[in-house]
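Colleague: First the structure, which I've put down as structure tokens, then a few questions once you've had a look.
Just so it is clear, none of the values below were taken in a lab; they were calculated from the coordinates. What you see is a predicted model; the values in this text were computed from it and never measured. Reconstructed Cβ throughout: ideal geometry from the backbone, glycine too, with neighbour counts over all protein chains shown.
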Amino acid sequence: MQLPANAHIDHAAELAQLLPAEVAGGSGVLQIDASELKSLDSSTIALLMQAERLARAAGRTVQITGAPPKLVQLAQLYGVSELLALA
């Protein structure tokens, strides 16, 4: 799954609707590429947490690659960087 350049509150609901299909569409590791992220906020963290919850429920794991520094900082601020493997 490729995150778009803009994954802030204006796009969160749209992206969240894609998650169940992304999780159900495979097995093993759910790859989330965050390398294109330019505009993000706390809703991006919520989206990634939802991906993590859905993946675990389906017996999968999540791997986030290309996380920009702002995403890592925000995850650290909310205390979820280790859960999202961004530590």
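Colleague: Putting +1 on Lys and Arg Cβ atoms and -1 on Asp and Glu Cβ atoms, find which of Gln76, Pro20, Gly66 reaches farthest to the positive end of the dipole of the stretch 6-77.
Modeller: It is Gln76, whose Cα lies furthest towards the positive end.
Colleague: Report the gain in length on full extension from Met49 to Tyr78: 0.36 nm times residue separation, minus Cα-Cα distance, nm rounded to one decimal.
Modeller: 9.3 nm
Colleague: Turning to a different aspect of this structure: Leu30's amide H: which non-local residues (gap 5+, or another chain) put their own amide H closer than 5 Å, with H modeled 1.01 Å from N in plane and none for Pro or chain starts?
Modeller: For Leu30, the qualifying residues are Thr61, Val62, Gln63.
Colleague: Could you derive backbone 3J(HN,Hα) for the stretch 10-18 from the dihedral phi with the Karplus parameters 6.51, -1.76 and 1.60 (θ = phi - 60°), listing whole Hz in sequence and x where the residue is Gly or Pro?
Modeller: The phi angles translate into 5, 10, 4, 4, 4, 5, 4, 5, 7 Hz.
Colleague: Moving on to the next point. Residue-wise, which Karplus ³J(HN,Hα) couplings in Hz belong to the stretch 26-33, taking 6.51 cos²θ - 1.76 cosθ + 1.60, θ = phi - 60°, and x for glycine or proline?
Modeller: x, 9, x, 8, 8, 7, 10, 8
Colleague: Right, another one. Can you compute the FRET efficiency between Lys70 and Ala21 using 1/(1 + (r/R0)^6), with r the Cβ-Cβ distance and R0 = 25 Å? Round to the nearest 0.05.
Modeller: Using R0 = 25 Å, I get an efficiency of 0.40.
Colleague: Subtracting the Cα-Cα distance from 0.36 nm times the residue separation, let me have the gained length for Ser35 to Ala58 in nm, one decimal.
Modeller: 5.8 nm
Colleague: So what's the projected area for the chain, the Cα convex hull averaged over all directions, in nm²?
Modeller: 4.7 nm²
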